[in-house]
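The values are calculated or read from the model by the stated rules, or taken from the named source; none is laboratory data. Quick caveat: nothing in here was measured; it's all calculated off a predicted structure. Neighbour counts are summed over all protein chains in view; Cβ atoms, including those assigned to glycine, are modelled from backbone coordinates with ideal geometry.
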Amino acid sequence: MPPLHHLALSAALAAITLPAYAVQPPAYLSVPDFKQCLAEQNEGSYRSWCQPAKKPKACPRTSWRQLRALQGDDAVPACRAK
């Protein structure tokens, strides 16, 4: 049997509930071949995915349509003009 403090810690952790948005992965991750459809842009101290204005040749049409259909917080931001 685990020590009592382990049981108390387990009970406390089980009682913690996170908002749904805190545990959901970005929607684009579920799009097949998303890496072939998106570009990366420099955000200063990090790089982020962005959606180019035109479909890259290597990007499957179905994946492109799925990425373009994402809305709100799920949408991948457009790439900045170079």
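Before moving on, here are some points about what is shown:
- Of all residue pairs spaced 6 or more apart or on separate chains, none has beta-carbon atoms under 9 Å together with a first member in the stretch 29-46 that is in contact (Cβ under 8 Å) with a residue 40 or more places away in the chain and a second member that is among the small types (G, A, S).
- Helices (runs of 4 or more DSSP H) contained entirely in the chain, each with at least 1 residues that are surrounded by 10 or more Cβ atoms within 10 Å (Cβ to Cβ) and either modelled with pLDDT of 95 or more or of a type outside the set (S, T, N, Q) (or both): 4-15, 34-37, 61-69
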